[in-house]
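All remarks here apply to the structure that follows.
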Amino acid sequence: MDKFVVIGGVPLRGEVETSGAKNSALPVLAATLLTDQPVTLDRIPRVRDVRTMQRLLVDIGAKVDVQGERVRVQVGEIRSPEAPYELVKTMRASSLVLGPLVARAGRARVSLPGGCAIGARPINLHLTGLEQLGAQIRQAHGYIEAEAPQGLRGATIRLERITVTGTEDLIMAGVLARGETVIVNAAREPEVSDLATLLVKMGAKIEGAGTSTIRIQGVERLNGADHTIIADRIEAGTFLAAGAITGGDLTITRCAPEHNAALIAKLQATGAEVTQPEPNTVRVRVDGPLRSVDVSTQEYPGFATDLQAQYLALMTQAEGISIITETIFENRFMHAQELARMGASIRLEGNQAIVAGKKELTGAGVIASDLRASASLVLAALVARGETVIDRVYHIDRGYEKIEAKLAGVGAQIRRME
Ligand code: EPU
């Protein structure tokens, strides 16, 4: 298992480029199942979750041709409409194939995801939504079997709570359903809008993506298309936090700063200087003490739960007490114990972490527990005195493309130990 070895204390300076968004790449790859024509996707990040999704598509019957960041997928026919446990257990987003498979093939068999490091993460809302579209759902042997032999028919689906991949799954089911599908209380994440943009290029009729009510007029069939996905706002946000925590001067390029508005507002409140020198570029500078500022995670456009761990690492270096409230997942503070081993003062109370700063961090051996928790350990290691060894970095490889090379490019002393 690979490890990262980091020597802290170097302020990050210079320019670092953002990759395409992992959480856009996964649904748009799933969307290729909706047509027998080729779909070409660009800026697909080379991360492990993307490779897992590509494997899943190949198992189902796709021909996948990868040329760097460009991926061409053609699913001439659905050979096996199934997502096996072996893949779903390594990546929960595999459930994104459920909607498109039922829509195109009339049936799907998808393993139920098991427990997860950050919370229970059920997919009940994907399932009740599909039932409302006319699918029959059965559960047996750890698998969900969904069937709609006569095809899906449009309906109004009111999501009980906001779900990102649930919204995406149901959009992909709705585009080939007969008549109108309306999704109420839909997720407004930019990745949902990006998926809708691709689907519209493929011939789908979708209105309201990016708002909480999405209206879809079903069509008979979809065509191929070319699409470049959006920048990864969580990666960009992680770099913003890295620039700030090291007291550096970092410019993040090829990103969409408007997708990070909630984080940027918080960083500015802590005393960091954040500017947009050019379009698609954001610069963070810190030269002086940071103030502690409370955060509560929310669905987009609120403060992203996927940036909570990184922000918490930053707050260990801010003066005063900050309260970090996690409202999306029930168990997303695994990083707190590891940060405490590095010298942070963090008290957990229910869904809140109370961080007392500023505390000097010292290098230690720590273990990554999930993707974003790993990123927070890297950030802490970048300011810690001495050497930090981060174990189980396969978690970080799921969603960050060449993070060690990108950080080393702006001065970080970080290397991978195989
Ligand atoms: N939920 C249910 N029932 C459902 C679906 C969700 O109760 O059927 C609950 C979840 O348990 C959670 C909340 O609703 O408490 C929100 O979950 P959501 O469905 O929005 O999460 P997701 O779609 O599984 C995506 C991202 C996550 C990100 C969350 C929240 C992808 C592939 N994954 O997950 O990204 O944290 O939205 O923004 O888009 C990551 O990249 O590290 C990551 C975990």
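The values are calculated or read from the model by the stated rules, or taken from the named source; none is laboratory data. For clarity, every value in this text was computed on a predicted model and none was experimentally measured. Heads up, the Cβs are rebuilt from the backbone with ideal geometry, glycines too, and the neighbour counts pull from every protein chain shown. The accessibility values were calculated without ligands, DNA or RNA, using every heavy atom of the protein model including side chains. Shrake-Rupley method; radii C 1.70, N 1.55, O 1.52, S 1.80 Å.
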How many residues, within segment 366-397, are among the polar types (S, T, N, Q) and in a helix (DSSP H, G or I)?
2
Unmet requirement for TYR394, which otherwise passes all of (1) modelled with pLDDT of 95 or more; (2) out of contact with any strand residue (DSSP E or B) (no Cβ under 9 Å at 6 or more places or on another chain)
(1)
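Do we have VAL293 as β-branched (Val, Ile, Thr), in contact with a Lys or Arg (Cβ under 8 Å, 6 or more places away or on another chain) and open to solvent by 20 Å² or more (accessible area, probe 1.4 Å) here? Show your work before the answer.
Numbers: β-branched (Val, Ile, Thr): yes; in contact with a Lys or Arg (Cβ under 8 Å, 6 or more places away or on another chain): yes; open to solvent by 20 Å² or more (accessible area, probe 1.4 Å): yes.
When the stated conditions are applied, VAL293 passes them.
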Residues that are at pLDDT 95 or above and either assigned by TED's automatic domain parsing to the domain that holds THR165 or closer than 21 Å to LEU127 by Cα (or both): does segment 84-94 have at least one?
no
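Answer with yes or no whether ILE328 is in a strand (DSSP E or B) and of a type in the set (A, V, I, L, M). Please lay out each step first, then the result.
Numbers: in a strand (DSSP E or B): no; of a type in the set (A, V, I, L, M): yes.
Criteria not met by ILE328.
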Here is a list: PHE329, PHE333. Which entry is hydrophobic (A, V, I, L, M, F, W, C) and over 29 Å from GLY9 (Cβ atoms)?
PHE329
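Consider ALA117 carefully, then state whether it is near the ligand (Cβ under 10 Å from one of its atoms), under 21 Å from GLN54 (Cβ atoms), aliphatic (A, V, I, L, M) and modelled with pLDDT under 95. Give the derivation first.
On the way: near the ligand (Cβ under 10 Å from one of its atoms): yes; under 21 Å from GLN54 (Cβ atoms): no; aliphatic (A, V, I, L, M): yes; modelled with pLDDT under 95: yes.
Considered against the rule, which asks whether it is near the ligand (Cβ under 10 Å from one of its atoms), under 21 Å from GLN54 (Cβ atoms), aliphatic (A, V, I, L, M) and modelled with pLDDT under 95, ALA117 comes out as no.
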Flagged pairs (Cβ under 9 angstrom, 6 or more apart or on separate chains; first in segment 348-367, within 12 Å of ILE321 (Cα to Cα); second part of a loop (DSSP other than H, G, I, E, B) and open to solvent by 70 Å² or more (accessible area, probe 1.4 Å)) are LYS358/PRO289
From the list VAL286, VAL274, exactly one residue is of a type in the set (A, V, I, L, M, F, W, C), over 26 Å from the mean Cα position of the chain (by Cα) and surrounded by 20 or more Cβ atoms within 10 Å (Cβ to Cβ). Which is it?
VAL286
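Test LEU176 against the stated conditions and say whether it is touching a residue at least 40 places away in the same chain (Cβ under 8 Å), over 24 Å from the mean Cα position of the chain (by Cα) and under 20 Å from ALA30 (Cβ atoms). Before the answer, list the steps.
Details: touching a residue at least 40 places away in the same chain (Cβ under 8 Å): yes; over 24 Å from the mean Cα position of the chain (by Cα): yes; under 20 Å from ALA30 (Cβ atoms): yes.
Answer is yes for this residue.
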Is one or more of the residues making up segment 343-365 part of a loop (DSSP other than H, G, I, E, B), open to solvent by less than 10 Å² (accessible area, probe 1.4 Å), within 15 Å of the ligand (Cβ to nearest atom) and not aromatic (Phe, Trp, Tyr)?
no
All positions within segment 384-402 that are within 16 Å of the ligand (Cβ to nearest atom) and of a type in the set (Ser, Thr, Tyr)
TYR394, TYR400
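Considering only residues that are in a helix (DSSP H, G or I) and either polar (S, T, N, Q) or away from the ligand (no atom under 11 Å from the Cβ) (or both), which ones fall in segment 165-175? Working first, answer last.
The first filter runs over segment 165-175 and keeps only residues in a helix (DSSP H, G or I), leaving 165-174.
Correct list: THR165, THR167, ILE171, MET172, ALA173, GLY174.
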For the subset of segment 368-417 comprising residues that are among the polar types (S, T, N, Q) and in contact (Cβ under 8 Å) with a residue 40 or more places away in the chain, which member is most open to solvent (accessible area, probe 1.4 Å)?
GLN413
Could you go through segment 215-224 and let me know if any residue there is touching a residue at least 24 places away in the same chain (Cβ under 8 Å), assigned by TED's automatic domain parsing to the domain that holds ARG121, part of a strand (DSSP E or B) and basic (Lys, Arg).
yes
Residue tally, condition within 16 Å of the ligand (Cβ to nearest atom) and free of Cβ contacts under 8 Å to residues at least 60 places away in the same chain, over segment 313-327
4
Read through the list (1) open to solvent by 50 Å² or more (accessible area, probe 1.4 Å); (2) assigned to a loop (DSSP other than H, G, I, E, B), then give the number of the only condition that ILE44 fails.
(1)
For ARG178, are the conditions met, namely being basic (Lys, Arg) and within 13 Å of the ligand (Cβ to nearest atom)?
no
Within segment 289-312, take every residue that is more than 10 Å from the ligand (Cβ to nearest atom) and either hydroxyl-bearing (Ser, Thr, Tyr) or in a helix (DSSP H, G or I) (or both) and give me the one that is farthest from the chain's Cα centre (by Cα).
SER292
